[in-house]
Structures are given as structure tokens and as C-alpha cells.
1. What are the pairs, 6+ residues apart or on separate chains, where a residue within region 301-325 that is over 16 Å from ALA379 (Cβ atoms) has its Cβ under 7 Å from a residue that is open to solvent by 40 Å² or more (accessible area, probe 1.4 Å) and part of a helix (DSSP H, G or I)?
2. Go through the residues of region 199-210 one by one and say whether even a single one is open to solvent by less than 50 Å² (accessible area, probe 1.4 Å), of a type in the set (Gly, Ala, Ser), at pLDDT below 90 and over 30 Å from ALA376 (Cα atoms).
3. Does region 242-251 include one or more residues that are of a type in the set (S, T, N, Q), at pLDDT below 95 and in a strand (DSSP E or B)?
4. ARG62: among the basic types (Lys, Arg), in a helix (DSSP H, G or I), within 19 Å of THR101 (Cβ to Cβ) and free of Cβ contacts under 8 Å to residues at least 40 places away in the same chain, yes or no?
5. From the list ALA445, ALA450, exactly one residue is within 23 Å of PRO350 (Cα to Cα), in a helix (DSSP H, G or I) and either in contact (Cβ under 8 Å) with a residue 60 or more places away in the chain or touching a strand residue (DSSP E or B) at 6+ places or on another chain (Cβ under 7 Å) (or both). Which is it?
6. Go through region 144-165 residue by residue and tally those that are open to solvent by less than 50 Å² (accessible area, probe 1.4 Å) and in contact with a Phe, Trp or Tyr (Cβ under 9 Å, 6 or more places away or on another chain).
7. Considering only region 331-351, state which residues are open to solvent by 20 Å² or more (accessible area, probe 1.4 Å) and out of contact with any Ser or Thr (no Cβ under 8 Å at 6 or more places or on another chain).
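The values are calculated or read from the model by the stated rules, or taken from the named source; none is laboratory data. Computed from a predicted structure; not experimentally measured. Here the Cβ positions follow ideal geometry from the backbone for every residue, glycine too, while neighbour counts run over all protein chains shown. Remember, those area values only see protein heavy atoms, side chains included, never the ligands or the DNA or RNA. Shrake-Rupley method; radii C 1.70, N 1.55, O 1.52, S 1.80 Å.
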Amino acid sequence: MSPAVPDHVLRALGRTEGDTDSLDLLVRDQDTRRLVLLRALLDAASAAPAALCPPPLRDRLREDWALLEAAERADRAATRTVLFHPLAGPWAERLLGGLTTETAPGPGLRADLAHFTALAAAAAVRAGVPFDLRLTPRGGLVPLPTLGALRTGPGPARLSHRDGELTLTPQHGPPFTVRRHPDRTLSAADPRWLPVLTLHPLAPGGEPVVLDDVDPYGIAADDLARYGLGGAARVDDPARKQWAGSWAGVPPLLRIGGDHRLTEAAALLRCVVPLGHPVGAGPDGEGAAHCSGTRREAFGAVLSSRPATPAYFASTLVHELQHAKLAALATLVPLHHEDEAPRHFAPWRPDPRPFDGLLQGAYSHLALADYWQRFALHAHRVTHRDRAWAEHARCREQVGAALPALAGSAALTPAGRTLVNEMISVYHRLDDNPPPSGHLARAQAYVSTAKVIWQQRNGSRRQ
């Protein structure tokens, strides 16, 4: 077994669980990788040819790095809140790719470099470090990661920070001031300040969760059509109240699924990126109209349209955080040596899946089957209980259809074999409290029909 992941941790994660120490192992590794990635940006900029990263841009990057160092010296925890913000991951990977390419630089690279200034400014604001910077807006906005965005209009703007006040001087229009409060939140009477919504911590003493609708790196455009996701959504005042109201009901509902569900959410979740409801959604985004996702490079973020109920909000977190856990685990220890060919039947998708996608999907649906079973056993209202049993039965049957391909793979590593064996144990443990026969029959018919349709579409591919 890998010395990086103790056996008891691997077994707990295989059960889709994990105590605080196990989850902290994943978080520390991801945070360390983020710091290494940021350092790699500075080195790549220094090594890049002048045609790719001209001296003025390189100098600007070094000045931004110096401001980050000053913020780190002033308040390490505040600065790392910004550096470890999940959406800084997609930005950093994209910028590193741009700095190491052999093609000519485009406007995207310059915009990515400019975002480093915004990142450094946000860290300095949180740490209380003064500065005077020139920023380039993007779509008329200057984002300050984890805090909000400044509406500037076209053209560069000056941003200064002194004595708890942030003053923006746009190229066109009057300046305005944003005030920093002791809790590091910002406020302004001027509507050109767009704060992010801060959701209450999931557990006492925990960190608040940012509902980030202004960061430009929240969504990868190519993921929208591929995964059926809605586009980016701005959260107006009525929507803020709806998100906050739904969020307030999430902690007790997570705990219904077991204390480990609340523990993992409190340990892993740092921000939610609001999505619009996908095409065909009703006004409340109910049922299949809901969409959600995660990004491997944005550890700690869940992308989601607004769930119709707190129960579905809780189940969305259960689902998506399993993807985050498994992806983080796979960076620590290889789980398999299968190739990336899409050949496997997965009842939750109409297209063939690669082995890793099958493993990810089965893992997250197993956690959902467990969550909804516990929910059903604790529900008092018949309608809530019936809906939970229906969700449980569907997820359970989907996992059962996927497990044979996972268990039968000769490409599993020892760590992967341990993980899958624990998944199988949890799957069989679900039999201790079977769903009502009607729900089970409908779930079995659903999976059988999905398989027939898949076979008709994909012919002789492996199942």
C-alpha cells in the first residue's frame, strides 16, 4: 500500500466515508500542490521568451508576487484563503499552460496574467496590506477572488487600499470606496461593488462557504454542453435569499445521512459556483432540470444550479464531494492502470464511459444510495419518505450494474482493489434495509431500459 495513504484511510474512503484526519490528508495535499503550482507560474514567466511574456508583463507578475509575499507576512491565514480558493486552480493551470506553450501569445494569456494582480489585491485586502495598483477589467469587471467584483466599465482602473478602505478610480466615471470590516467582508453603498454571498459555516467553528458568481474561472466553457450544465448565473437579491434559505436547511439534512456527511462537507467545501438551470428547466429547477458538477483542478468547489429543496441541495453536495474526494485520492496513489477508452456501460449516462469515469460515477452514486436510504429511514412525511426510497433504489441499482466491471478489472492497483472491495461491502450492506418492492421494481426496470438503449446506440462495445 502507498505510504502516502494509510490502509485505514483508504478503507474509510472506499466506504465513501472518511474522518477528519483522513479528509485533512487530502486537503493538505491539494493545498501543497496549489502552492507548488503558483511557484511554477513565476518560474515559467521568468523562463518564457520575451515574445510570449514581454518584460513589462514579467515585471508586473513579480510585483504581484511581492505583494502576495507581503500579505503572507502580514496574515498567513487570510492570504491562503485566497491562494487556496478553488477557482484559483483553473486560472493557475491555464496560465501555466499559456506560459509554456510555443505558440504566439493571445489576449487570453494577457487576461490570465492580469488576473494575478487581482488575486494579489484580494490577498492584500484580506491581510490589511496597503497597495496602489493598475488593473485591467474583464467584461467591465475587476474580480477580487473570494470577495466580489468591481464594476469599472471599459479601460484600465486604479485600485488603492489604505486603512481599511478600497478606492477604485475607473477610466470613465467617478471613483467610489468600498469599506473593509473586521470580519474581512466588504461593503459599499455604490452599486458598482458586487459582493459575493457568504454562506454560513456548515459546522461550528468552520469556515464560511462562498457563493461565487463573479469569478471568471468558475466554469470551463467546453464542460457546459458535454455535461449538460447550465451557464454561469449571476445571483440577484431575490436569488440570494433563496440560496441562503435553502443553505440554512442543509446541515441537519446532511447529518441525517450520517455524521460523516457533515464532516466531509465542512472539511472539503470552500465555494459553490451558481449555474443556470439547463435547457428545459421549469422555474424552480425541479427534478431532472437540476445540474451540478465538479472540476478536478478546482478542488473544494461545487458547481450547481439552485436545488429545488434543501434535501436536494444536501444530496448534491454528497454527490459532488465524492468526486472531489476520489480525484484527490487518485493524485496521492494510483487506483488503476486502465486506458481512457470510453467503452463501459454506466446507467447514469447515455454514452460509453472510460474506466475512470465508471469508477467515479459508481463511487458517487454509492454515496447517494447510502444517503437516501438513511434519509428514507428517518423521514416522517410519507411524500418525503417515498421520494427518498425512489432515489435510493435508482442509485442502488445503478451501482449494482457498474460494480461487476470494476471488480473484474485486472488493471486495479492494490489501492484500487482495496477501494473497490470496500465499495462492494457498502453495496451489500444496503440490503439490510431494502426499499419497498414497488420502488425496487421501478428502479430495476429503469436500469434495464437504460442498458437496452445503450446497447442499441453503442453496439458491441464492452458493457
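1. These pairs meet every condition: ARG306/GLN242.
2. No: zero hits.
3. Scanning region 242-251, I find no residue that is of a type in the set (S, T, N, Q), at pLDDT below 95 and in a strand (DSSP E or B), so the answer is no.
4. Spelling it out, it is not the case that ARG62 is among the basic types (Lys, Arg), in a helix (DSSP H, G or I), within 19 Å of THR101 (Cβ to Cβ) and free of Cβ contacts under 8 Å to residues at least 40 places away in the same chain.
5. The conditions single out ALA450.
6. Going through region 144-165 one residue at a time, the tally reaches 7.
7. Those that are open to solvent by 20 Å² or more (accessible area, probe 1.4 Å) and out of contact with any Ser or Thr (no Cβ under 8 Å at 6 or more places or on another chain): THR331, ASP339, GLU340, ALA341, PRO342, ARG343, TRP348, ARG349, PRO350, ASP351.
For every residue, the table says whether it meets (1) open to solvent by 30 Å² or more (accessible area, probe 1.4 Å); (2) at pLDDT below 95; (3) of a type outside the set (S, T, N, Q).
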residue	(1), (2), (3)
ASP356	yes, no, yes
ALA369	no, no, yes
HIS392	no, no, yes
ARG396	yes, no, yes
VAL399	no, no, yes
ALA402	no, no, yes
SER409	no, no, no
